[in-house]
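Participant: Take this structure, written in structure tokens, and hold onto it; I'll ask about it next.
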Amino acid sequence: MFLQTDAVLGEDAIAELKALADIINKSIATIETSMKDSSLAYPSPAASFSPQSEAGRNIPEVQTAGSNIVAAASQLISIVRPPPLTLIAYALQFHVPTALRIAIITHTAEILRDAGPQLARVLRLLATNHVFVEVAPDVFASNRLSSMFDTGKSVEEIIAHPEKKYEGTIAFGALLEHFTDDVFPTSAVLPNVIVDPKVGRLNDPTKTAFNQAFKTDLPFFEWFDLPEQTHRMARFGIAMDGGARLAAPDTIIQGGGVGSQCMSLAKHYPQLSFAVQDRAPVIQEGVEFWTKSLPNYIESGKVLLEAQDFFTPQPVRKVSVFLLRMVLHDWSDEYCIKMLRLLRAAADESTKLLIVDNIVSYACNETSTNNIRGAERPLPPTPLLPNLGHTSVIAYYTDLTMMTLLNGHERTLLEVQGLMKESGWKLVEVYYGDPFAVGQSKAIGVPV
Ligand SMILES: C[S@@+](CC[C@H](N)C(=O)[O-])C[C@H]1O[C@@H](n2cnc3c(N)ncnc32)[C@H](O)[C@@H]1O
């Protein structure tokens, strides 16, 4: 249902601009005070990125202030920019991923020398989006954002061993390459798929925009297994590895990739043991991954690496936690329910179900979910959108990514609750994480 905006919002644009400016000013004051109190420096956009240099930004009140500034600034832009320009800017935004991909595959962050006129035009678009700086006409320098995909390796080293480009690095470029090479072409055909009466609105993972864009009948993950897609599969594994930082004791990690989440936990909590389950080709890579980094875990059986399909029954054994990170969002409800019912069948009364995914909010006020621990959150200051607008936009980009690749989707809390209800689990607790967190919300279920 659509309502006229005048019926919903006030009409006083100047009052709204002032309220937004006030949020920005107060938030900057909070950041300034917090930096003084903590003796940390707020990271400069000119300085190269390192996880340690983000310490100031990671203080909780600074995160909240930052998320309010992002939400307020984008809302402010939407008020002051002429509407045709805002819509044209949105419609042509796809050139940004193209330019990013060109910068990555030409190793520009590593080269950073006088790049010649074609590349200069690409870099100028990026510099206009604050990735690289044009320090003089046609001369570009790195900055904090571009340093995120600089591997620190020499160009000679990368060209000699392209398959090792991201080895031993934070590998953020691999994630950007996945988005700009695997996902971007699928978004271009999504409009055709949505209006096609033969395929639109289907839940089938083989009738997607991805299937049309890459002219294949295989589901996305099985397509990765083709010999000609080996580099994409390896790149996806590296990209996922970068984000995997959590698990729990005696955990079965379904769709766990090569097991990076539990390796990170194993290093901090040596008393824990794990079973990592995924498709056979991924588990094969997992064996190499563990043999290289923590071989004694395989030898002692503290980690089991198991080829296990989501849609076949679990082996019978005692399980404390089933952890599914970035798994349910790949599938439509029908498939998720099948998967969760199989886990329920293998659970006892003390087993927990831990789902780690984006939990998306509506862009308006939501139905109360205060019967779920952790579900109630304070609303952002007026006139920001209840979902913090642009601060949360990546979750909605990810939602459409899931739609194009697999007919999957990111879910609201009520939708997660619905999946659990249909499959013999009860949603009892949720952790949303900080306002900038992507894919880190945790929903905990118990058997019913
Ligand atoms: C988005 S990735 C998430 C990987 C990992 N959990 C993480 O967070 O980094 C989804 C995983 O599901 C696996 N997968 C897809 N279809 C599967 C199936 N039918 N059975 C088991 N695993 C599957 C993929 O191979 C992939 O590793």
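Participant: Would you check which residues across segment 201-215 are more than 11 Å from residue 403 (Cα to Cα) and surrounded by fewer than 16 Cβ atoms within 10 Å (Cβ to Cβ) and list them?
Facilitator: 215
Participant: For segment 341-448, which fully contained strands (runs of 3 or more DSSP E) count at least 2 residues that are in contact with a strand residue (DSSP E or B) (Cβ under 8 Å, 6 or more places away or on another chain) and either more than 16 Å from the ligand (Cβ to nearest atom) or basic (Lys, Arg) (or both)? Talk me through it step by step, then tell me what you get.
Facilitator: Working: elements: 352-357, 425-431, 441-447.
Per the criteria, 425-431, 441-447.
Participant: How about segment 141-158: which of its residues are within 14 Å of residue 100 (Cβ to Cβ), open to solvent by 20 Å² or more (accessible area, probe 1.4 Å) and not in a loop (DSSP other than H, G, I, E, B)?
Facilitator: 145
Participant: Would you mind finding the one in 79, 59 that is in contact with a Ser or Thr (Cβ under 9 Å, 6 or more places away or on another chain) and not assigned by TED's automatic domain parsing to the domain that holds residue 177?
Facilitator: After applying the criteria, what remains is 59.
Participant: Of all residues in segment 1-60, count the ones that are open to solvent by 60 Å² or more (accessible area, probe 1.4 Å), hydroxyl-bearing (Ser, Thr, Tyr) and at pLDDT 95 or above.
Facilitator: Counting residues in segment 1-60 that are open to solvent by 60 Å² or more (accessible area, probe 1.4 Å), hydroxyl-bearing (Ser, Thr, Tyr) and at pLDDT 95 or above gives 3.
Participant: With the structure loaded, tell me whether residue 186 is closer than 11 Å to residue 406 by Cβ, assigned to a helix (DSSP H, G or I) and either touching a residue at least 24 places away in the same chain (Cβ under 8 Å) or open to solvent by 70 Å² or more (accessible area, probe 1.4 Å) (or both) or whether it fails that test.
Facilitator: Criteria met by residue 186.
Participant: Sticking with this one: Of all residues in segment 414-428, which are under 22 Å from the mean Cα position of the chain (by Cα) and either open to solvent by 30 Å² or more (accessible area, probe 1.4 Å) or under 24 Å from residue 74 (Cβ atoms) (or both)?
Facilitator: Quick first cut of segment 414-428, residues under 22 Å from the mean Cα position of the chain (by Cα) only: 414-417, 419.
Once the filter is applied, which keeps residues that are under 22 Å from the mean Cα position of the chain (by Cα) and either open to solvent by 30 Å² or more (accessible area, probe 1.4 Å) or under 24 Å from residue 74 (Cβ atoms) (or both), segment 414-428 yields 414, 415, 417.
The values are calculated or read from the model by the stated rules, or taken from the named source; none is laboratory data. Being a predicted model, the structure only gives us computed values, none of them experimental. FYI the Cβ positions are ideal-geometry reconstructions off the backbone, even for glycines, and counts take in every protein chain you see. Just the protein is used for accessible areas: all its heavy atoms, side chains included, with ligands, DNA and RNA removed. Shrake-Rupley method; radii C 1.70, N 1.55, O 1.52, S 1.80 Å.
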